[in-house]
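First up is the structure itself, then whatever we jot down about it.
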Amino acid sequence: MIIEPKIRGFICTTAHPIGCAANVQRQIDHVVVKGAVESARKRVLVLGCSTGYGLASRIVTTFGSGADTVGVSFEKEPSESKTASAGWYNNRAFEKRAQAAGRIAVTVEGDAFSDAIKAETVAQIREHLGQVDLVVYSLASPVRTDPKTGEVYRSAIKPMHAPVKSKTLNTGTGEVSEVEIQPATAEEAEATVKVMGGEDWELWIAALAEAGVLADGFTTLNYTYLGSELTWPIYHKGTLGSAKADLDRAASAIRAQFGDASAYVVALKAVVTQASSAIPVVPLYGTMLLQVMDDMGLGEGCIEQIDRLFRVKLQAPVALDEAHRLRVDDWELSKAVQDEMTRRWPLLSTETLDNLADLEKYRAEFLRLFGFGLSGVDYGADVDPRDIG
Ligand code: NAD
């Protein structure tokens, strides 16, 4: 079949196998061209390994530092008539390339929040890696079933306490409009912490420790977004921000048990991913950020951010902020970038969007997440969705 993008709201329901493989290769090339990334962490577990920051982490550790990896992600398999999730194609493309480079690359696909997938992952680590030196937690999910109670929690991305009015962007039509987002109920706020807070991270570390598969001196990373005043009302000071604050709590609990260098929350910049495109206001901020940072020569996507995290920021001595976080959002939050963002924000409207922001690049980056728009891929060719190239 000819595979084309089918966009519904903020997701694309199709993915291109050859395009996804090209997107994985593009990221591998980025790391390889820059040369080796010094690291003693050669056995790595990546939770949320198939797209976005998790995939970039798996690529940098494997192709930069020569690590063997076990990855965990949630995917949809292909059929004769339906494409797989982009992450499924990314996983296959990654495994093929990592194995060709002589690295172990094993992927467990299923619900990472469940006890069953934790047990299966432990078994895969035992069999293939023995232990792990690094655990990257990069899950982004709207829903989590508590493994102990069976209760299902859904996150709600809303402000706390009072309504928030903000500009927002319909990335499909290019229309900028004003939205008023009602505050979360106490129940919604708690559910968001249950889904995106630190509880599952701690459960993973406990399960791995109990099974004896955490190496002495291991490190675990969990990714957060702090952002600036422009997105604080909906993000940092909203339900998602409370969930992210819970990561700081969880990180301290892990450090109390395993030592000062065992757990870091890493603040990353806003990039176009499946998760970020679902957050109100963020895509408008993101389209403007793309242009402002590119104009200043500071543009970075997932692979550039994660490459800089491992190549520069995680090298000893590791510099931390006052909350013990590692900051790779330093360029986004620099005075120059934020001054320009703050100057442009009030000027944004449907009419001015083209001059002040880069919607075309945003759309291209969004489509690339699903394997569309990569150079060298023949999108007119008949492809079997089960063909992994
Ligand atoms: P993403 O949507 O690209 O990736 C999410 C990953 O989680 C995928 O591999 C997916 O398969 C996996 N996943 C989701 N539910 C799962 C489940 N139940 N079981 C197993 N795997 C599951 O997201 P992303 O934007 O790369 O986000 C990763 C982390 O980075 C999140 O913590 C996010 O808050 C953080 N972050 C993102 C941004 C951004 O702008 N995108 C900025 C800073 C921090």
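The values are calculated or read from the model by the stated rules, or taken from the named source; none is laboratory data. None of these values were measured; they are calculated from a predicted model. Using ideal geometry, Cβ is built from the backbone for each residue, glycine included, and neighbour counts are taken over all protein chains shown. Side chains are part of the model used for accessible areas, which takes the heavy atoms of the whole protein and leaves out ligands, DNA and RNA. Shrake-Rupley method; radii C 1.70, N 1.55, O 1.52, S 1.80 Å.
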- Query: Using modelled backbone amide H atoms (1.01 Å from N, in-plane), which distant-in-sequence or interchain residues come within less than 5 Å of Val37's amide H?
  - Reply: Ser65
- Query: Projected onto the charge dipole of the stretch 1-99 (+1 at Lys/Arg Cβ, -1 at Asp/Glu Cβ, origin at the Cα centre), which of Asn91, Ala40, Thr13 gives the Cα projection farthest towards the positive end?
  - Reply: Ala40
- Query: Once the Cβ-Cβ distance between Ser81 and Val152 is put in as r, and R0 is 30 Å, what FRET efficiency do you end up with, to the nearest 0.05?
  - Reply: 0.50
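Is the stretch 1-63 best put as rounded, prolate or oblate by its Cα gyration tensor, with a ≥ b ≥ c the root eigenvalues, rounded for a/c under 1.5, and otherwise prolate when a/b is larger than b/c, oblate when not? Don't jump to the answer; show the numbers that get you there.
Numbers: a/c = 3.27, a/b = 2.00, b/c = 1.63.
It comes out prolate by the Cα gyration axes.
Suppose only helical runs count, i.e. DSSP H with n ≥ 4. What mean residue ellipticity at 222 nm does that imply for the chain under -39500 (n - 2.57) per run, divided by all residues and rounded to the nearest 500 deg cm²/dmol? Spell out each step's value before the answer.
Values: 12 runs with 143 residues, N = 389.
Theoretical 222 nm ellipticity from helices: -11500 deg cm²/dmol.
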- Message: Give me the extension gain from Ala119 to Arg8: residue separation times 0.36 nm, minus the current Cα-Cα distance, reported in nm with one decimal.
- Response: 36.5 nm
- Once amide hydrogens are built 1.01 Å from N within the peptide plane, the residues lying 5 or more places from Lys158 or on another chain with amide H under 5 Å from its amide H are Thr239, Leu240
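Just the number, please: percent antiparallel of the DSSP beta bridges in the chain, rounded to the nearest 5.
Numbers: 13 of 39 bridges.
Roughly 35 percent of the beta bridges in the chain run antiparallel, per DSSP.
Express in nm, to one decimal, how much length is gained between Glu210 and Arg386 on full extension, taking 0.36 nm for each residue of separation and deducting their alpha carbon distance. Could the numbers behind the result be given before it?
Values: separation 176, 0.36 × 176 = 63.36 nm, distance 3.80 nm.
Result: 59.6 nm gained on full extension.
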- Task: Determine the percent antiparallel among the DSSP beta bridges restricted to the stretch 31-150, to the nearest 5.
- Result: 0 percent
- Message: As I understand it, the dipole of the chain uses +1 on the Cβ of Lys and Arg and -1 on the Cβ of Asp and Glu, about the Cα centre. Which of Leu369, Ala245, Gln27 lies farthest toward its positive end?
- Response: Gln27
- Those aspartates and glutamates that a straight Cα-Cα span of less than 18 Å connects to Lys335, excepting residues fewer than 8 apart in one chain: Glu229, Asp294, Asp295, Glu300, Asp321
- Message: Can you give me the accessible area per residue for the chain, using a 1.4 Å probe, in Å²?
- Response: 42 Å²
- Say a paramagnetic label sat at a point 7 Å from the Cα of Thr342, along Cα to Cβ; which residues of the stretch 195-236 have their backbone N under 16 Å from it? 227-233
- Query: Shape call for the stretch 145-304 from the C-alpha gyration tensor, a ≥ b ≥ c root eigenvalues: rounded (a/c under 1.5), prolate (a/b greater than b/c) or oblate?
  - Reply: oblate
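Just need the relative contact order of the chain here, percent rounded to a whole number, with Cα pairs under 8 Å and 6+ apart. If you can, show how the numbers build up before the last one.
On the way: 740 pairs, mean separation 89.5, N = 389.
Here the relative contact order equals 23 percent.
Under the 0.36 nm per residue contour assumption, what length would be gained going from the current alpha-carbon distance of Ala261 and Ser334 to full extension? Don't jump to the answer; show the numbers that get you there.
Values: separation 73, 0.36 × 73 = 26.28 nm, distance 2.63 nm.
Length gained between Ala261 and Ser334: 23.6 nm.
Assign one of three labels to the stretch 236-327, namely rounded, prolate or oblate, based on the Cα gyration tensor with a ≥ b ≥ c the square roots of its eigenvalues; rounded applies when a/c is under 1.5, prolate when it is not and a/b is larger than b/c, and oblate otherwise.
oblate
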- Sorted by accessible surface (1.4 Å probe, heavy atoms of the protein chains only), largest first, Val193, Val328 come out as Val193, Val328
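Take the residue pairs Lys118/Lys148; Lys167/Lys237; Lys76/Lys118; Lys6/Lys96; Lys167/Lys269; Lys158/Lys244 and return only those whose Cα atoms are more than 22 Å apart.
Details: Lys118/Lys148 13 Å; Lys167/Lys237 17 Å; Lys76/Lys118 19 Å; Lys6/Lys96 27 Å; Lys167/Lys269 20 Å; Lys158/Lys244 14 Å.
Check vs 22 Å cut-off fails for Lys6/Lys96.
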- Can you spot the lysines whose alpha carbon is less than 18 Å from Lys42's alpha carbon? Ignore those fewer than 8 places along the same chain. Lys313
- Dividing the alpha-carbon radius of gyration of the stretch 252-389 by 2.2 N^0.38 Å (N being the number of residues), what value is obtained? 1.30
- Task: Calculate the spin-label point distance for Glu187 paired with Ser349, positioning each point 7 Å from the Cα along the beta-carbon direction, and give it in nanometres.
- Result: 4.2 nm
- Message: How long are the semi-axes of the equivalent ellipsoid of the chain, taking √(5λ) for every eigenvalue λ of the Cα gyration tensor, in whole Å from largest down?
- Response: 30, 26, 21
